Structure formats: structure tokens, C-alpha cells
Amino acid sequence: MSMKENLEQIRSEALAAIAADGADLEALRVKYLGKKGELTAVLRGMGQLTPEERPVVGQIANEVRADIEAAMTARKETLAAEALERRLKEEKLDVTMPGTAAKMGHVHPLNLVQRDLEDIFIGLGFSIEEGPEVEYDYYNFQALNIPEEHPARDTQDTFYITEKMLLRTQTSSVQARVMENKKPPIRIISPGRVYRSDAMDATHSPLFHQLEGLVIDKGITMGDLRGTLDTFAKQEFGSDTRIRFRPHHFPFTEPSAEVDISCFVCGGKGCRLCKNEGWIEILGAGMVHPHVLEMGGIDPTVYSGFAFGLGVERIAMLKYHIDDIRHLYENDVRFLSQF
Ligand code: PHE
């Protein structure tokens with residue numbers, strides 16, 4: 001093979017290798033153009049050429065080197081461009097894509113209702129008072145005009161802790177405490193847990209929540225009670241809601257009433273929710289019994305007041321059409337995430 005042919009072969013081999021190469025161009029540079037490379041090896045044989053041949057072969061050798069170098073530079077640029085293209089594709093961030101929604105917690109329906117109620121009554125000038133869940137018999141019963149042996153005790157299925165201590169069966173216990181500690185005017189609500197030793201079923205739970213209201217001042221009348229509850233009913237159940245009082249008995253209020261709201265589903269015509277009554281019982285209320293005021297250290301000849309107590313579960317179940325109270329305690333995320 002002549003030197004010329006040799007150079008041509010190196011050129012075509014090198015160009016093919018460069019075109020096929022994925023990344024390691026440096027190895028090819030060493031192989032063809034390096035000090036111990038193939039092109040150098042051929043040039044070393046230049047001395048054997050005739051003086052006429054030398055410049056011709058020299059020119060071809062220069063062309064071959066230039067071609068190989070140009071091919072390598074071009075290939076390098078192509079590879080770099082491809083790598084960049086690949087990276088851009090891999091790392092592309094489409095800011096218009098919808099994000100992965102973070103799983104959000106939900107406010108429990110009982111808390112939703114309790115917050116609503118608190119907002120309503122705070123708006124009416126009430127403040128919030130809390131009392132202990134482990135309570136003295138005195139505040140849960142005696143100070144509320146329910147002495148020992150009073151039949152009303154039987155209806156409350158009390159969990160006793162000792163003879164004198166119990167789990168409060170009603171938030172009315174807070175009334176008795178507030179009367180002892182505050183001077184009228186008193187205008188408080190007291191939300192919280194209460195306990196009764198009831199078997200768990202669709203409408204009963206041994207632990208549930210009540211919200212108590214108490215107002216005491218000079219000249220408080222049943223009209224004030226009615227106005228307060230009317231405002232509450234309209235805000236909680238809708239502005240068309242009406243209320244009605246039915247005579248009832250509680251030992252700590254006189255007179256006492258059970259209070260109904262007009263059905264917020266059918267407006268009073270009768271439907272499934274109100275069991276065709278048009279009315280739904282919502283709470284107990286009345287004028288604070290003079291004897292209860294007296295035991296709380298408030299002079300019933302100067303002051304009068306009203307009280308009411310409602311069940312938070314009952315309102316949540318009515319409002320959100322929950323047919324089983326147990327849903328409120330099982331913490332099933334499928335249930336809770338609906339609110
Ligand atoms: N404590 C009563 C109950 O648990 C409700 C009530 C509160 C009634 C205040 C009248 C006044 O049933």
C-alpha cells in the first residue's frame with residue numbers, strides 16, 4: 001500500500017470511527033493524531049519518499065489531520081448538543097401542569113358546628129366559659145335544684161367516680177360555677193363534653209357535647225330568651241327559620257320549655273327530616289329558677305335570667321344529614337373528608 005493510500009485509509013477509518021463514537025473522542029484523538037498515533041506513524045516514513053513525492057504526501061497528510069480534527073470538533077459539538085437536549089427534556093418542568101394536591105385535614109363536623117355556635121353567640125355579646133368534666137355532684141345536681149333522691153337524677157344515667165364526684169351529665173354544671181364566681185350582668189356560653197352511661201346506638205353515645213347558655217341581669221324576661229334563640233336559629237339554620245316553645249320541665253328553670261325550630265328542609269310543610277311534623281326539637285331552655293340563683297349567691301328579687309342547653313351532635317346530625325351518631329366518633333377519613 002502506498003503512503004497515499006495509507007493516509008486515505010486512516011482518514012476514512014477515523015471519520016467513520018468518529019461518526020460512530022458515543023462519547024470517548026479523546027481515545028480516538030490519541031489513536032489517530034497522538035504522538036504514537038497512526039497518522040504520526042505514517043509521517044515518520046516520509047523520509048523514504050522522493051523529494052517530488054514529499055510535498056504531495058505532506059499536503060495530503062495535513063488535509064487528513066485537518067479533516068479528522070474538524071470531524072472531531074463537529075462530533076464533539078453534536079454530542080454536547082444532544083446531551084443538553086436530553087438533559088433539558090429530562091429536567092423539564094411544566095409549570096402549567098396541575099400540582100400534586102397535598103392531603104388536607106378537615107374540620108370535624110362537631111367542631112364546625114361548635115365554631116358556628118360560638119361565633120353566633122359571641123356576636124350577641126356572650127363570652128365563653130369552661131368547666132371541668134370531672135365534676136362535683138354539687139355543681140352537676142344539687143346547685144341546679146336536683147337534690148339527692150330527686151327523680152331527675154335517674155334520667156341522667158350518671159357515671160359516678162366517688163359518692164361526691166362524677167362525670168358531668170350536662171354543661172349546666174358550668175352555670176352553677178359561673179354564678180358563684182361572677183356578678184351579674186352575666187352572659188356566657190359553655191361548650192363541652194358531657195357523659196351519660198347510655199349504650200351506644202345510632203342516636204346515643206356515652207360521651208357527647210352540649211352547649212350551655214346563661215344570661216343573668218336585672219329585668220331579663222322570657223322575651224329576651226325568645227329573641228336570643230330566634231336570632232340563633234335564623235343564623236344557624238337560615239333566615240326563614242321560626243322557633244316555637246313547648247312547655248316542659250327542668251328542675252333548674254321555671255318556667256321551662258323545649259324549643260323547636262321550623263324544619264329547615266321543608267320549611268314546615270312536613271318531610272322525612274322532621275318526620276312530617278314541620279318542627280324539629282332543638283334544645284331545652286327556661287328562666288333560671290329563683291332557688292338556683294339563690295344557691296349561686298345571686299339575689300332573685302333583684303336579678304333574673306335565662307338558660308338554655310343544646311346538643312352539638314344533634315345539630316351536626318340534622319345539619320349534615322348524618323343518620324348515625326357513631327360516624328362522628330369513628331374518624332373514618334372517607335366520612336370526615338366530606339366536610
Ligand atoms: N341541661 C339540660 C339537658 O341536659 C338542658 C337545659 C339547659 C335545659 C339549660 C334548660 C336550661 O337536657
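No value in this document is a laboratory result; all are computed from the given coordinates. All values reported here derive from a predicted model rather than from experimental measurement. Cβ atoms come from the backbone with ideal geometry, glycine included; neighbour counts cover every protein chain shown.
Ranked highest first by the average count of other Cβ atoms within 10 Å around their residues, in what order do 225-231, 311-317 fall? All intermediate terms of the calculation are to be shown ahead of the outcome.
Details: 225-231: 18.0, 311-317: 22.0.
Packing proxy ranking, top to bottom: 311-317, 225-231.
Ranked from highest to lowest mean number of other Cβ atoms within 10 Å per residue, what is the order of the peptides 278-284, 152-158? Before the final figure, lay out the partial values.
Values: 278-284: 19.7, 152-158: 14.6.
In descending order of packing, they fall as 278-284, 152-158.
Residue by residue, what Karplus-based ³J(HN,Hα) values in Hz, rounded to whole numbers, does the stretch 109-122 have, using 6.51, -1.76 and 1.60 with θ = phi - 60° and x for Gly and Pro?
Along the stretch 109-122, the couplings run x, 5, 5, 4, 5, 4, 5, 4, 4, 4, 4, 4, 6, 4 Hz.
Have a look at GLU130, GLU118, GLU149 and tell me which one the Gaussian network model of the chain (Cα, springs below 10 Å) gives the largest fluctuation.
Taking springs between Cα atoms under 10 Å, the residue moving most is GLU149.
Would you look at the GNM of the chain, springs on alpha carbons closer than 10 Å, and say which of PRO206, PRO151, PRO251 moves the most?
It is PRO151.
Just to check I understand the Karplus step: with θ = phi - 60° and J = 6.51 cos²θ - 1.76 cosθ + 1.60, what whole-Hz values come out for the stretch 245-256, glycine and proline as x?
Computed from phi, the couplings for the stretch 245-256 are 9, 10, x, 8, 9, 10, x, 9, 10, 7, x, 10 Hz.
For the chain, what is the mean residue ellipticity at 222 nm derived from helices alone (per DSSP H run of n ≥ 4: -39500 (n - 2.57); sum divided by total residues; nearest 500 deg cm²/dmol)?
Working: 12 runs with 139 residues, N = 339.
Mean residue ellipticity at 222 nm (helix-derived): -12500 deg cm²/dmol.
Between GLU294 and THR78, what is the label-to-label distance in nm when each label sits 7 Å out along the Cα-to-Cβ direction?
Once both label points are built, they end up 10.8 nm from each other.
Measure off 7 Å from each Cα along the Cα-to-Cβ vector at GLU148 and LEU88, then give the distance between these two points in nanometres to one decimal.
Going from the GLU148 label point to the LEU88 one covers 9.0 nm.
Quick query: amide H of LEU283 versus all other amide H atoms, modeled in the peptide plane; which residues come in under 5 Å with a sequence gap of 5 or more or a different chain?
Placed amide hydrogens put VAL259 under 5 Å from LEU283.
Subtract the Cα-Cα distance of SER197 and LYS269 from 0.36 nm times their separation in residues, and report this length gain in nm to one decimal.
Between SER197 and LYS269, full extension yields 22.3 nm more.
I need the phi-derived Karplus couplings for the stretch 180-194: 6.51 cos²θ - 1.76 cosθ + 1.60, θ = phi - 60°, integer Hz, Gly and Pro marked x.
5, 9, 10, 9, x, x, 10, 8, 10, 10, 9, x, x, 7, 9
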